[in-house]
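Here is the structure we will look at.
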Amino acid sequence: MKRLVLLLALALPACGLHPLYEGGGSGAVARGLAGVEIAPIAGKSGYLMTNALRDRLPDPAGVAAKYRLEIKLDDSIVGLGVRRDNTVTRERRSLRARYQLVDGTTGETVLDATAGSDAGVDVVSSEYATIAAENTALENLADIVADQIVTRIAVYTRRTAVK
């Protein structure tokens, strides 16, 4: 048993796994993420997405923008639970993002992907409460989708920095 543990411990460094944020704030991924400029995104969902992305990307102080992040959002609400009197009791709010990472010098799209998430919303008798729940769902979805986008860009910058 001890030999197996020893062999696994010796084989682990050879597996090729490396921390994504190796080097911390001065690492290749952090520098790559700091060089991402967010293009304007239309609408309320765009405002929330922009803020969520700014919260997750490193401060670009002193770093020239190497990439431009262009995002098109699709925000929709669909009624799911319907009573006999045709009133909706449950909604699904979906936020989908098609994003492109564009090289600032060449204009070439280096990353073209999608991200998205869904949230359920209860429709209650209070219209105010339902609207507040829909808005909260949108805020949470913007955070989730922003996490997906930043993670994908971090993986891309890590992969290109290793080359």
| note | Residue set Asp103, Asp112; condition charged (D, E, K, R), modelled with pLDDT under 95, farther than 12 Å from Met49 by Cβ and under 22 Å from the mean Cα position of the chain (by Cα); output residue Asp103
| said: With the structure loaded, tell me whether Ser94 is surrounded by 13 or more Cβ atoms within 10 Å (Cβ to Cβ) and of a type in the set (S, T, N, Q) or whether it fails that test. | reply: yes
| Quick check: is even one residue across segment 113-125 free of Cβ contacts under 8 Å to residues at least 24 places away in the same chain, in a strand (DSSP E or B), exposed (fewer than 14 other Cβ atoms within 10 Å of the Cβ) and touching a Ser or Thr at 6+ places or on another chain (Cβ under 9 Å)? | no
| request: Output the number of the condition that Val102 fails; it satisfies all remaining conditions of (1) part of a helix (DSSP H, G or I); (2) more than 19 Å from Asp75 (Cβ to Cβ); (3) in contact with an Asp or Glu (Cβ under 8 Å, 6 or more places away or on another chain). | output: (1)
| Residues satisfying the stated conditions in segment 1-58, i.e. more than 26 Å from Gln100 (Cβ to Cβ), assigned to a loop (DSSP other than H, G, I, E, B) and either at pLDDT 85 or above or of a type in the set (A, V, I, L, M) (or both) | Met1, Leu17
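The values are calculated or read from the model by the stated rules, or taken from the named source; none is laboratory data. Values in this document were obtained by computation on a predicted structure and should not be read as measured data. Reconstructed Cβ throughout: ideal geometry from the backbone, glycine too, with neighbour counts over all protein chains shown.
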